[in-house]
1. Please report, in cubic angstrom per residue, the volume enclosed by the convex hull of the alpha-carbon atoms of the stretch 228-308.
2. Over the stretch 19-142, what lengths in whole Å, largest first, do the semi-axes of the equivalent ellipsoid take, defined as the square roots of 5 times the eigenvalues of the alpha-carbon gyration tensor?
3. Starting with the highest mean, order 3-9, 147-153 by the number of other Cβ atoms within 10 Å, averaged over the residues of each peptide.
4. Which pairs break 28 Å Cα to Cα here: Lys39/Lys73; Lys189/Lys292; Lys48/Lys87; Lys25/Lys48; Lys25/Lys184; Lys17/Lys87?
5. Enter the accessible area of His253 (Å², nearest 10), with the probe set to 1.4 Å and all protein chains included.
6. Tell me, what is the per residue accessible area of the chain in Å², probe radius 1.4 Å?
7. Can you give the accessible area of Ser295 in Å² (nearest 10), computed on protein heavy atoms with a 1.4 Å probe?
8. I need the GluC sites (Glu not before Pro) found in the stretch 153-241, filtered to DSSP loop residues with at most 16 other beta carbons within 10 Å of theirs.
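The values are calculated or read from the model by the stated rules, or taken from the named source; none is laboratory data. Bear in mind that the values here come from a model prediction, so they are computed numbers and not experimental data. Cβ atoms come from the backbone with ideal geometry, glycine included; neighbour counts cover every protein chain shown. Surface areas here come from the heavy atoms of the whole protein model, side chains and all, with no ligands, DNA or RNA. Shrake-Rupley method; radii C 1.70, N 1.55, O 1.52, S 1.80 Å.
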Amino acid sequence: MANELKHKGHLIDFVCKESNFWKEKIDSGFPYPVSVLHKGNNEINFLKGGSYDLLYVDGNINYSLQESEGIKKYVPICMYQNLSDAKVFADVYILPSIHQNSSFFQDFENSTKVFQGLSYFTFNESLYSLKPIEVCSEITKIGVVTGGSDPRNILSGVYKLVKNLESLDGIKFDFFVGESYLHKGSMPKSSVYRRFIPFDYRTITTCDLVICAFGVSTYEMMALGIPIISVGHQQSTSEAAQYLADQTESILHLGLYDQLSKASLQSAIDKMRKEEVRKFYSKKARGVVDLKGVSRVADIIESNFNAK
C-alpha cells in the first residue's frame, strides 16, 4: 500500500510501537521513515509533530473514544480490516471480506463511509510478477499451505493423513514451511514424493491443487487460480471459509481441522482429480479476487481525503 501511494506521488511515514519485528525491519534498511512510539508516547504525540493528511490504520488497533477524538483533532482516520470495537471511530472503513453480516456494522455512525468486499483485498507484492496457473488434465503435484507460524501444526497433521491415503498414483506433495513455522524441530524428513520446503509463491504455482488452512494464503491461491481444498484452524475461520464457499463456490471447504479425516480428505482429492472440477474452482476463484485491491484502496484514500 505504501509503495502504491508513493507511486502516486504521496509521502509516507510509518509509526509503530517498540517491537523486535520493527527493530529488525528498521535495521535491515526499511525504505520509509519509521517513528517508534516509546513508552508514554502515542499516535497523538506523533501527529502533533507533523503536517499529515491522514492516519491509515491497518490491523486490530483498539483505540478508545478519547484516543480517537484526540487523533481526529489532527487528521481523519482510515481503517483497513480493523475488527476491534474501535472500527466505529473510522471516517472511512475498508473491510476486505464478505462474511460479516449487518449486525457487524450496526454501531457505525452515518458519517462513516464503509467499503466492503473481496475486491479490496491487498496482496503481497511478490504475487504481481506471477501469472495465474493453467489447469492441467491431471494432478501431478499437490501443495499444502498452513500459514506462517502454524501454531497447531496443521502441516504435520495433513502429512500424517496424506501418508495413509490410497490411490495417489505417484502424486507428489509439497509441504510449504512458513518463515516463522513453530515446529521445525519435529518436521518429518522429506522424500521424493513428500517434500518439506520453504514457502515460495513461484513454487506454489507449479502445484495443480492446494490444501490450505483458511486465511490470507487462501485468497492468494485464489488470485493465482489454484484450486483449493480448505480447512479451518479454528471455529471462526472455518465459518468464514464455509460462507465464502457457499456464496462464491470458489473453494472446496472441508470444515474444522479437528474434524478432518482420512476419508473426507481422500474424497475431496478424488473429486478434484477431475479436470473440469478444478477448472470450475479456478475460474470461480479468479472471478472473486484479483490483484487490483491495492490500487482500489489507494483510490478510496485519494477520493475521500483530498489527497491529490
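1. 109 Å³
2. Largest first, the stretch 19-142 gives 33, 24, 12 Å.
3. In descending order of packing, they fall as 147-153, 3-9.
4. Lys189/Lys292
5. It works out to around 20 Å².
6. 53 Å²
7. 40 Å²
8. On the way: sites: Glu166, Glu179, Glu220, Glu239; in loops: Glu166, Glu179.
Hits after loop and neighbour filter: Glu166, Glu179.
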